[in-house]
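These notes concern the structure reproduced below.
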Amino acid sequence: MPLVTLAPLVGIEDLPKLLAPEARLLGLDLGTKTIGMALSDVTRSVATPYHTLRRTKFTGDAKAIAA
């Protein structure tokens, strides 16, 4: 099973109709030393800090985000 599944690019205006009702969004802030993670509320109007990961290698970072 692949670690990451690539999805086709979608315009921001088309995104809501592709998501389940009350689905949350995860935002990533990719820094050089850390990866900041923010999680939206179910209405997708507000995001709050969720977790900060200390960067390692790509595979380790991807596994930590997926977890």
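With the requirement that a residue be open to solvent by 80 Å² or more (accessible area, probe 1.4 Å) and not β-branched (Val, Ile, Thr), what does segment 17-43 give you?
Step one: of segment 17-43, the residues open to solvent by 80 Å² or more (accessible area, probe 1.4 Å) are 17-18, 21-22, 24, 26, 28-30, 32-33, 43.
Passing the criteria: Lys17, Leu18, Pro21, Glu22, Arg24, Leu26, Leu28, Asp29, Leu30, Lys33.
So how many residues does segment 44-58 have that are among the polar types (S, T, N, Q), over 25 Å from Ile12 (Cα atoms) and open to solvent by less than 80 Å² (accessible area, probe 1.4 Å)?
0
The values are calculated or read from the model by the stated rules, or taken from the named source; none is laboratory data. Owing to the predicted nature of the structure, the values given are computational and were not obtained by experimental measurement. What goes into the accessible areas is simple: the full protein's heavy atoms, side chains included, and nothing from ligands, DNA or RNA. Shrake-Rupley method; radii C 1.70, N 1.55, O 1.52, S 1.80 Å.
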